[in-house]
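Visitor: One structure follows; several queries about it will come next.
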Amino acid sequence: MLIPPLQLLNLFVAVVMFSIGLRVSGGELLNILRKRALFVRTLLANCVLIPAIGFLLVRIFPLTPDASVGILLLAAIPGTPIALQFTRQAKTRLAFAAAMTFVLSLVSVAMTPLAVEVMPQTAQRNQRPILLLMMSIVVYIGLPLCAGLWVARQAPKIAPRLVLPLGVLATVAFLFLMWETRLVRREALNAIRGRGTIVAMLLLLLLSMLIGWLIGGPDRESRRVLATSTGMRSVIVFLAIVSILYGALAAMYFVVKKDGDVKKLVAYSSVSSMGMVMLGLFALNPNGVNGGVMQMINHGIYSAALFLLVGIIYERRHTRNVAEFGGLSHVMPGYAAVFLGMVMTAIGLPLLAVFISEFLALRGAFEANVSWAAWAALGIILNAGYFLWLYQRMFFGTIENPKNEKLPDLNLREWAYMVPLLIMSLWIGVYPKPFLAFIQQPVNAIVKQVRPDYQIPGMPNATPTQERAQR
């Protein structure tokens, strides 16, 4: 290994906590800790109710020992409310995140050994001395936070300028961490496959968010932050970005691979597309939610068309191997034209459907967190790369395989079910207003319910009386 993963993780945590310290004050942190009711509810949710749900799920579902360890650790180690998507506008939320991160990390000193003690014997190797846990919390959470507070107090003009470079450093550390732990993550993925593990994890996530919302108290803002801290909304966003990048890289693999399967490529491109849907929905603003909904509609158009096109060529050649084709545009010009139209739709070419949905989803992600949009944009670039590469290998060049020389072009039945999909793609890309107008009202209602303080253009802010009624 180039750099030990534990050091990378410690660097990432230290940089994030130092950056938070630059943007809050000591008084704000103390005010958060003085809110005993919210403090108690946070500990109750993270340290009692959610661990109990974890133990219950392990009893209900037939999980492997390793999967049980993962579920119990996820439930028993207190979640930290790094709800930075809620902190870009109000600094008090950032102070809450920093204070609860430190407090819940201290609580984990007692919770983690307890969780490991009641786990299967396979988890015993994961024990860490309490003294080492205490040192890690002080060195990598407490000291960087205090250092950030001190710098912000001593150099108030310089501190804001350090936030962006620190964000870049944290991102680089996170990237190296993901690279160095790739084998471990692969082993973990193999360990949790099958037998209800994914269902158990999703139930834990959803029930955790529900608990955080229900016991968050009368203040809706605190309820949302607590629901985020217990439910780890950032985990969903992280999984969405992973889906975008993993789906794109996996699809590209089937272009490079000698016996690559066109159908598998289209399937993995769908994984990437659904990641964009999740990212847009959890941006929790009108642009993002609109983009997520439109991406679901558009995915039903272009993905269905691509699967149909794969079926057409499979019916003629009884193979989906990319290497078996080449130069198909010479013998199947109509098929090549339709395939090109759907490829251009899939990669988000302007004036086609996916451009609208991806633009809105990325804009919403950018409003929530710039780094989310940056990672998603990388997935779009990879998406264009493997689709264009696939088209070049299948349709351009000379026909080298004699079996492809007399392939029939699209017949009337095939044109009949492909043309409407092309028309829908062009319609949404050129004039999406009817579709956006249809979903605008429910989207605005959802955003207003989740974020009452979010100002939606054309909608008045809720009055204090209305806010009390909503509570």
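Visitor: Cα atoms only, the range 235-450: Rg and Dmax in Å?
Guide: When restricted to the Cα atoms of the range 235-450, Rg and Dmax are 18.0, 62 Å.
Visitor: So if R0 is 51 Å, what FRET efficiency would ALA52 and ARG161 give, r being the distance between their Cβ atoms, rounded to the nearest 0.05? Intermediate values should be presented prior to the final figure.
Guide: Details: r = 46 Å, r/R0 = 0.89.
Taking R0 as 51 Å, the efficiency between ALA52 and ARG161 is 0.65.
Visitor: Among TYR302, TYR454, TYR140, what is the fewest-to-most ranking by other Cβ atoms within 10 Å?
Guide: TYR454, TYR140, TYR302
Visitor: Could you tell me the calculated FRET efficiency between LEU436 and VAL139, based on Cβ-Cβ distance and R0 = 51 angstrom, to the nearest 0.05? If you can, show how the numbers build up before the last one.
Guide: Details: r = 50 Å, r/R0 = 0.98.
Once the sixth-power term is evaluated, E becomes 0.50.
Visitor: Relative to the present Cα-Cα distance, how much length would full extension add between ARG413 and ILE446 at 0.36 nm per residue of separation?
Guide: Numbers: separation 33, 0.36 × 33 = 11.88 nm, distance 4.19 nm.
So the extension gain works out to 7.7 nm.
Visitor: Would you mind ranking HIS299, HIS330, HIS318 by Cβ crowding within 10 Å, fewest neighbours first? Don't jump to the answer; show the numbers that get you there.
Guide: Working: HIS299 20, HIS330 16, HIS318 9.
Ranked by crowding around the Cβ, least crowded first: HIS318, HIS330, HIS299.
Visitor: Right, next: Of LYS257/LYS433; LYS264/LYS448; LYS257/LYS403, which ones are farther than 31 Å apart at the Cα? Write out the running numbers ahead of the final one.
Guide: Values: LYS257/LYS433 41 Å; LYS264/LYS448 39 Å; LYS257/LYS403 21 Å.
Check vs 31 Å cut-off fails for LYS257/LYS433; LYS264/LYS448.
Visitor: Also, I was wondering about something else. Hey, rough spin-label estimate for GLU315 and THR171, points 7 angstrom out along Cα→Cβ, what's it come to in nanometres?
Guide: 4.7
Visitor: If neighbour count is taken as other Cβ atoms inside 10 Å, put MET278, MET294 in order from fewest to most.
Guide: Values: MET278 19, MET294 25.
Lowest count first: MET278, MET294.
Visitor: Nearest 0.05, what FRET efficiency do ILE423 and VAL199 give at R0 = 51 Å with Cβ-Cβ as r? Write out the running numbers ahead of the final one.
Guide: Working: r = 39 Å, r/R0 = 0.77.
It comes to 0.80.
Visitor: In addition: Please work out the Cα center distance from the range 345-376 to the range 274-314, rounded to the nearest Å.
Guide: 11
Visitor: Take peptides 262-270, 434-442 and line them up by average Cβ neighbours within 10 Å, highest first, as a rough protection proxy. Present the calculation step by step, with values, prior to reporting the outcome.
Guide: Numbers: 262-270: 20.7, 434-442: 12.6.
Peptide ranking by packing, descending: 262-270, 434-442.
None of the figures in this text is laboratory data; all of them are computed from the coordinates on show. Source: prediction; values computed, not measured. In this analysis, Cβ positions are derived from the backbone assuming ideal geometry, glycine residues included, and neighbour counts consider all displayed protein chains.
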